[in-house]
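In what follows, a single structure is set out as structure tokens and then discussed.
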Amino acid sequence: QEGIGLDAVNDAFLLESSVYRLLKKYCGERPYYLHLLELFLQTAYQTELGQMLDLITAPVSQVDLNRFSEQRYKAIVKYKTAYYSFYLPVAAAMYMTGIDSKEEHDSAKAILLEMGEFFQIQVGGGSPSLSACKTLVVALSVSIFTQDDYLDCFGDPELMGKVGTDIQDNKCSWLVVECLRRVTPDQRQILE
């Protein structure tokens with residue numbers, strides 16, 4: 001936006017550093033403080049990797065559909081969205097309630113990151129109970145993540161509160177990845 005420029009970068013740094021100041025202020029004396037601090041640092045790093053992957057996959061000035069794949073799309077979703085939207089809040093709650101074993105966090109992370117991936121498609125291992133839970137979570141979240149990408153393209157802007165521009169913005173979205181699986185060479189030319 002005109003008049004903002006690099007000030008926005010500094011604002012982002014201030015916002016992120018405020019998170020760590022708030023964690024210290026409200027949780028600094030708690031036994032789980034170090035776990036929370038490491039969790040927030042790792043999640044910020046994962047999110048920044050996802051944002052970078054998104055930016056280098058689809059530069060605004062250059063359309064290269066050869067960069068788009070299901071694997072790339074899933075990586076963008078995992079790192080850009082799933083860590084902070086799904087894993088971070090649950091992992092933080094687990095640490096704050098005394099659940100701090102690596103095994104329990106790894107199990108939760110596996111399920112929650114998969115939920116995040118399927119959420120993005122819909123919205124725009126272990127014991128049998130864990131397996132059953134994971135299957136249920138996947139089934140429920142598959143319809144949420146694709147919906148986000150679908151609504152970005154086909155949703156009513158008045159209901160959505162925004163005009164979707166993922167395809168025009170050259171985003172590696174679920175719709176484009178699925179389209180690339182099915183298009184003829186002539187249709188691909190039009191998309192490019």
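Oblate is the label for the range 1-107, because a/c, from the alpha-carbon gyration tensor with a ≥ b ≥ c as root eigenvalues, is 1.5 or above and a/b does not exceed b/c. Residues Lys162, Lys171, sorted by accessible area with the largest first, give Lys162, Lys171 [1.4 Å probe; ligands and nucleic acids excluded]. Placing a pseudo-label 7 Å from each Cα along the Cα-to-Cβ vector at Asn66 and Leu6 gives an inter-label distance of 3.5 nm. Given the pairs Lys80/Lys109; Lys109/Lys171; Lys80/Lys171; Lys24/Lys80; Lys24/Lys78; Lys25/Lys80, which are separated by over 18 angstrom at their Cα positions? Over 18 Å Cα-Cα: Lys109/Lys171; Lys24/Lys80; Lys24/Lys78; Lys25/Lys80. Other residues with beta-carbon under 14 Å from the beta-carbon of Tyr33 carry, at +1 per Lys or Arg and -1 per Asp or Glu, a net charge of +1.
Placing a pseudo-label 7 Å from each Cα along the Cα-to-Cβ vector at Ser101 and Glu158 gives an inter-label distance of 5.5 nm. Placing unit charges on the Cβ atoms only, positive for Lys and Arg and negative for Asp and Glu, gives the range 1-120 a dipole magnitude near 140 debye about its Cα centre.
State whether the range 10-73 is rounded, prolate or oblate according to the following rule on the C-alpha gyration tensor (a ≥ b ≥ c being the square roots of its eigenvalues): a/c under 1.5 gives rounded; otherwise a/b larger than b/c gives prolate, and the remaining case gives oblate. Note, shape of the range 10-73 comes out oblate.
The values are calculated or read from the model by the stated rules, or taken from the named source; none is laboratory data. All figures in this text were calculated on a predicted structure; none of them were measured in a lab. Heads up, the Cβs are rebuilt from the backbone with ideal geometry, glycines too, and the neighbour counts pull from every protein chain shown. Just the protein is used for accessible areas: all its heavy atoms, side chains included, with ligands, DNA and RNA removed. Shrake-Rupley method; radii C 1.70, N 1.55, O 1.52, S 1.80 Å.
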